[in-house]
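Chemist: Below are the structure tokens for one structure; questions will follow.
Bear in mind these aren't lab numbers, they're just calculated from the coordinates by the rules spelled out. Values in this document were obtained by computation on a predicted structure and should not be read as measured data. All Cβ positions, even for glycine, are placed from backbone atoms using ideal geometry, and neighbour counts span all protein chains on display.
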Amino acid sequence: MSAALHGRLAASRRRRAAIVVALGLAPVLAVAVLAARLGGATPTVVVTLLGFVAVVAYAIAVSLRIGLADIVRALDAAVPGLEDSSDLLLAEPAGLTGLAHLQRERVAARLAAARVDVRRPWPAKTLAATWGVALVAAVLAVTWPVSPKGAVAPNSTPSPAAVAETGPTRLVANTLAIEPPAYTALPARSEASLEARAPQGSRLRWSLRIAPMPETAALAFHDGRRLELARDGDGWRGETTLDASTLYRVEVGGIAPLADAALNRLDAVPDEPPQVRVIEPERTLSVLDRAQPTWRLVFEAGDDYGLASARLSITLAQGSGEQVTVKESSVVLRGEGDARKRRYTHALDLAALGFAQGDDLIVRVAVADNRVPEPNVTRSASFILRWPPDLGAEASGIDGIVQKTLPAYFRSQRQIIIDTEALLAERGTLDEARYLARSDAIGVDQKILRLRYGQFLGEEFESGATSPPAAAKPDDETSNDGHDHDEHDGKPHAHDESEISAASHAGHDHGAAPGAEAPRFGDAAGVIAEYGHTHDHAEAATLLDPETKRILKTALDAMWQAELQLRSGQPREALPHENRALTAIKQVQQATRIYLARVGLELPPVDETRRLTGERAGVRDRRASLAAATPSDAVVAEVYGEVERGGLPDTAALEAWMRSHPERVDDVLGIVAAFDALRRDTACVDCRARVLDRLWPLLRAPAPAVRLRETPDAAGRAYLDALGTGEPR
Amino acid sequence: MTPAIAIGALIAIATLVASWRTWRDGRTWRVPRLLLQPVVAVLLVLALVPPYLAHEAPPLVVVTAAADPAVLAALPTDAVVAAMPEAGGETTFKRFPDLGSALRAHPGTTTLRVLGDGLAARDADAARGLAVTLEPGLLPRGLVELDAPARVEAGAAWRLSGRIAGLEGARIELRDRGDDVVGSAIVDAEGRFVVRARAKGEGRDVLALLVKDEADATLERVPVPLVVGSGEAVRVGVVAGAPDAELRMLARWARDAGLAWSSRLALSRGIAMRDGDVRLDAEGLRALDLLVLDERSWAGLGAPAKAAVGEAVDEGLGLLLRATGPLPAPVAREWATLGIDLEAAAIEPAVTLDASVGGEPVVATRRPLGLRGETAVPLVLAADATPLAAWTARGHGRVGAIWLLDSHRLALRGDAQGFGAAWSRIVATLARARGEASLAPLAPARVGERRVLCGLGEASRVTPADDPDTAATALVADADAQGCAAWWPREAGWQFVRDATSERFVYVRAADEAPGLASTEAVERTQRLAAHVDTASIVASRHPAPRGPFFLAWLAAAALLWTLERHARPRT
């Protein structure tokens, strides 16, 4: 009998252990899945094994707790026919007395007949719950989204490089060494940023470290150039010369592009040409009136990096009129001061140059700076030193020259006076014939002078001296006779022209002089008819105003008197006339203005009936349309409009326009950089606003447009109609 | 049947039943128990449905932004004060999130005494029906008034005016988006300024108004929104007696500005320089918006043409009469019947225009004419305010006359924009009114403040104009209220309001932008509330009496009744 009980015990124990294992495996599974998700393979295996072992050990321990007494109790509870006496089966049969033994037999028989299972039943609900929870936990553990910290998630795509570390590509360290050109004497420096501002022509050296290490690295400039960087250990190096401002970015090959792909800007600061300031002379044109030994010149020059040589070019122009000779030379100036600012002082020796009266001296300084390939040269303005010539030496003709010759006449009259006085002073030492000859010569000069002045009054002038008085005797006498107004002044001037023209015809080669009948006195028409032509009309002498003409006539009168006296060998009597002529000429010279007759433009009023008449056969209506202006910056307006609407236009046309209109655009690189930023991130509102801000100054204001007034509504129309009815038509 | 009556009825029935049973149960203490029943019942009813009491609450002092600290310190200690969130930080009064909660905390308030800038927009509705008095506090410093057009035409000249408070010797600069100075002005003694500027191309522009002090430091920067729209193709017809430099410059401007220009300039009898065609009959005149004639071409018109012109003006055509030479008497008479009465005046032909180029005023020529009568409106004024052009209305149209001969000198001196702007104003004033009624330009809104947009149809949405991909805010337009919808802007900048048929732009200011303008708006809003109050409609509020005392009384009475009931012995 105990065999059956033992059998039941074993079965019971097995069942119990199985239940425990079944219940315990669920959490173990869940933990294992979690370990697999969080850790790797090793933790999973470890956790599974440990869990399994723990569960099995616990199951065995729990199952061993069940003993025979539990079985017997269970049997008694399960089978009522056993009458709670199954524990008799545990006892030895020999030790039992009669009733117990009987009862034992009976119980054994009933037990054998009973079909009962005392094993603990499977706890279905608990099992289902546990396994359900475990499955849910496992599923959650599998499908929980991966946090972006680089955890290995089952559904994340691996990076192409498949390296253990996959951070974003970035510049770990970068140095930019700038070496300005040697002549600037600026120190070499190194910047930690990729942007720099350096003098033009500087040498730039990049040294970059990129993580992770790319296969190739290069600098891509905005105009398409590329500078390949050379690998140097774990860094990259490259160098170039900065000629113009550019934008660039670092491009890598073989890995993902740089996270920060903004364009970096390099500004090339050009070398400014030197500035020259002339301190002395203050004016561009300096006029001398007397000889000067030297001419002092003082300049000041400044440059941003350093000055080189200063050269003074000297040009001397001598002569006047058609014969001007030019001599050029140059002098290197030495100044005092430092390389950036110098002051040059030079005193030109005018005598050594050969500067005389009537010459012009032009100086100009050219200052160069110390730029290396070719220096910038600044030239200053030209400064002129002029010594005006003596105008008295001019004996040029007076044809057409109105202003200048008056002083010369002034001087000639004075010369005549001087000559006359000299002759009078020498009267005692000269003999009669010579005295007369000299007096006559002075008289001829006076006559020439008189004729020159007479030209202003419409008289004729002949160049060349007239024949000596002996040959012109008949004319002389005629003139003597005709000019009997020695005795009386105040003769009307009307005679002047006929007599003077008669006298002036004295030297004229008409060929009719000998044998001509003596012209009657005062017959102007006869004179004209006799000589066959007139040379001038008095009315045409409109150059002078009447007052000046009167004074000039007085002078001519006096000159005529003087000439008369001189020609007849009476210089002493001629002298007061000469002086009178001089004062009158001086007065004429005061009248410096030449008045031209001004006729007021008084047009008659337009006669409408005569207007617009004329030959109009074949004349048609004309088409007069103005062509629409094609704005040269239409491309800017287009690009602006498209960016404002939210699109991204192609900037090739805009860049071409900016290159051909450099004066309209301040900062081409800024616009290129703004467009590049917008292209990289089209959704960035700030980038778009910055592009629009930069394009705005390039737009031209359009012609002011007109907006129509709004159509009046019914109330407005009724109001206007009511207003209109009261008005008279 | 209100709950109060129902409760009262129930309790009354129960009391009656209980009283009957008390009377009939034959125990001692009958009378006291009987008397206590109604007492307990009444007290129970009162505890459940307490009566209303009317009471007068003291005026509520509302402290808003920029309240004067002196006034705050002088408030009596028993004053009922509520501080709004925008009040300064150092106030020690009880803070409420808005006026509504303050009014609920102090029920029965009928008068408000507002200290400071005034009520914010969110409190305007809560203050309706109350008597409001405003005591403005510290004056704001900076820009307090700004008057700018919301929409101008491309290339047009416009002006902006405003007022600065609390600053001496300030200077105003108006900069466009490219940071160039577009206009500047000096602030006068009262703080007012006027800035003139020229608009550039089409689009939305946000200009910056900088307030600078004497040391040229920027004190305040206020964005000024401006929508620059394109002009319209106005149809202008010119019939002139002779070609003129002025007409040539006008034709150039008109072509550049997109106007439809047609002209007939007489060269000789029957021969003219034509550009397009101008027919002076009813059909041809109906196809024009503005007709330009001068006295020579008028003299050459026949009677039917003149009658046609007069009728067309009555229908709405605009007519501009140029006096280019001596005005014959019959022409002057006919023009007087049209409405422009010109007479010869003894004035100098040389006149200084109200414009200067390069710092020097421009001198032009005019005919020696003057206006007779007071009916005409001056259109162009010289520098000394004498009129050089005038207009008057006739029927549905307008008739104008100009006797300035060479306004093109402005263009010759280099200011072609000024020439165009002056003539665009003349043409816009006189041309036929056939433009579409546009939606009125909207004043700028502010972030967080409620704004009502009207004239919207169905499916109206608001999106930020610069970022059209953002989710749109849908507006619910009330068709019964002129299609108005309420909107709380969340983002600053240009917003695009669109519905099925129309689109508009509204500019939204950030919450801390232009504080002076915000405080001026608040002061005006509160003063409008204060002025509109109607004392008759103020209802003295009432509130229910507290239940506590009634409940305690009922408890005491019920306890007494219960004691009596318990100690009541049967009568023997």
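Chemist: Compute the length gained on full extension between B:D213 and B:T352: take 0.36 nm times their separation in residues and subtract their Cα-Cα distance, giving the result in nm to one decimal. Spell out each step's value before the answer.
Modeler: Values: separation 139, 0.36 × 139 = 50.04 nm, distance 3.38 nm.
46.7 nm is the gain from fully extending B:D213 to B:T352.
Chemist: Give the Cα extents of region B:235-430 along the principal axes, in whole Å, largest first.
Modeler: 48, 37, 32
Chemist: Computed on alpha carbon atoms, what radius of gyration and Dmax characterise region B:364-424, expressed in Å?
Modeler: Expressed in Å, the Cα Rg and Dmax of region B:364-424 come to 12.7, 39.
Chemist: In units of 2.2 N^0.38 Å, what is the alpha-carbon radius of gyration of region B:22-123? Spell out each step's value before the answer.
Modeler: Details: Rg = 24.5 Å, N = 102, 2.2 N^0.38 = 12.8 Å.
In units of the 2.2 N^0.38 Å rule of thumb, it is 1.92.
Chemist: Compute, for region A:632-729, the length of the dipole vector about the Cα centre, with Cβ point charges of +1 (Lys, Arg) and -1 (Asp, Glu) only. Units Debye, rounded to 20.
Modeler: Numbers: 13 positive and 17 negative charges, 37 e Å.
So the dipole magnitude of region A:632-729 works out to roughly 180 debye.
Chemist: May I pose another question? Please order A:Y453, A:Y719, A:Y435, B:Y507 by the number of other Cβ within 10 Å, starting at the fewest.
Modeler: Working: A:Y453 26, A:Y719 12, A:Y435 18, B:Y507 22.
In order of increasing Cβ crowding within 10 Å: A:Y719, A:Y435, B:Y507, A:Y453.
Chemist: Could I ask something else about it? Using only the alpha carbons, work out the radius of gyration and Dmax of region A:170-269 in angstrom.
Modeler: That works out to 13.3, 43 Å for Rg and Dmax.
Chemist: Oh, and also: With a/c under 1.5 counting as rounded, go ahead and sort chain B into rounded, prolate or oblate using the C-alpha gyration tensor (a ≥ b ≥ c being the square roots of the eigenvalues; past the cut-off, prolate if a/b is larger than b/c, else oblate). Could the numbers behind the result be given before it?
Modeler: Working: a/c = 3.59, a/b = 2.64, b/c = 1.36.
The shape class here is prolate.
Chemist: By counting other Cβ atoms within 10 Å of each Cβ, how are B:E315, A:E608, B:E153 ranked from fewest to most?
Modeler: On the way: B:E315 14, A:E608 10, B:E153 23.
By the 10 Å Cβ count, ascending, the order reads A:E608, B:E315, B:E153.
Chemist: Consider a paramagnetic label point 7 Å from the Cα of A:S286 along Cα→Cβ; state which residues of region A:297-317 have an amide N under 13 Å from it.
Modeler: The answer is A:297-299.
Chemist: Give me the Kirkwood hydrodynamic radius of region A:632-729 in Å, from all C-alpha pairs, to one decimal place? Let's see the in-between values first.
Modeler: On the way: mean 1/r = 0.0598 Å⁻¹.
It is 16.7 Å.
Chemist: Using a 10 Å cut-off around each Cβ of peptide A:617-625, what is the average number of partner chain Cβ atoms that fall inside? Can you show the working numbers first?
Modeler: Working: counts 0, 0, 4, 1, 7, 8, 4, 13, 9.
Going residue by residue through A:617-625 and averaging, the value is 5.
Chemist: Please report B:K200, B:K306, A:K125, A:K327 as a ranked list, fewest other C-beta atoms within 10 angstrom at the top and most at the bottom. Each step should come with its number before you reach the end.
Modeler: Details: B:K200 21, B:K306 16, A:K125 8, A:K327 13.
So the residues, fewest neighbours to most, are A:K125, A:K327, B:K306, B:K200.
Chemist: Taking a cut-off of 16 Å, what percent of all Cα-Cα pairs in region B:151-229 are separated by more than that? Mind dumping the intermediate values first?
Modeler: Numbers: 1469 of 3081 pairs.
The proportion of pairs with Cα distances above 16 Å equals 48 percent.
Chemist: So what are the radius of gyration and Dmax for the Cα set of the protein assembly as shown, in Å?
Modeler: Using the Cα atoms of the protein assembly as shown, the pair Rg, Dmax is 58.4, 220 Å.
Chemist: So, one more: Can you bin region A:2-143 into rounded, prolate or oblate? Criterion: square roots of the alpha carbon gyration tensor eigenvalues sorted a ≥ b ≥ c, rounded for a/c under 1.5, prolate for a/b above b/c, oblate for the rest.
Modeler: Working: a/c = 5.87, a/b = 3.05, b/c = 1.92.
Note, shape of region A:2-143 comes out prolate.
Chemist: Assuming R0 = 41 Å, can you tell me the calculated FRET efficiency for the pair B:A303 and A:A629, based on Cβ-Cβ distance, to the nearest 0.05? Kindly include the intermediate steps, with their values, before the conclusion.
Modeler: On the way: r = 41 Å, r/R0 = 0.99.
Between B:A303 and A:A629 the formula returns 0.50.
Chemist: Which one of B:G8, B:A79, B:S184 has its Cα pushed farthest toward the positive end of the charge dipole of chain B, where Lys and Arg give +1 and Asp and Glu give -1 at the Cβ?
Modeler: Result: B:G8.
Chemist: Ok, one more. Along Cα→Cβ, 7 Å out, is where each label goes; now give me the distance between the ones at B:W20 and B:E436 in nm to one decimal.
Modeler: With each label point 7 Å from Cα toward Cβ, the separation is 8.2 nm.
Chemist: Among A:I71, B:A47, B:A282, which residue has its Cα furthest toward the positive end of the charge dipole of the protein assembly as shown, with +1 on Lys/Arg Cβ and -1 on Asp/Glu Cβ?
Modeler: It is A:I71.
Chemist: Moving to a separate point now. Hey, what number do you get for the protein assembly as shown at 222 nm if only DSSP H runs of n ≥ 4 count, each worth -39500 (n - 2.57), divided across all residues, to the nearest 500?
Modeler: On the way: 31 runs with 441 residues, N = 1301.
When only DSSP H runs of four or more count, the value is -11000 deg cm²/dmol.
Chemist: Further question: With unit charges on the beta carbons (Lys and Arg positive, Asp and Glu negative) and the dipole taken about the Cα centre of region A:1-92, which residue among A:V31, A:P80, A:P43 sits farthest to the positive side?
Modeler: A:P43
Chemist: Using the Cα centre of region B:448-509 as the reference point, and only Cβ charges (+1 on K/R, -1 on D/E), how large is the resulting charge dipole? Debye, rounded to the nearest 20.
Modeler: On the way: 7 positive and 10 negative charges, 41 e Å.
Dipole of region B:448-509, to the nearest 20 debye: 200 debye.
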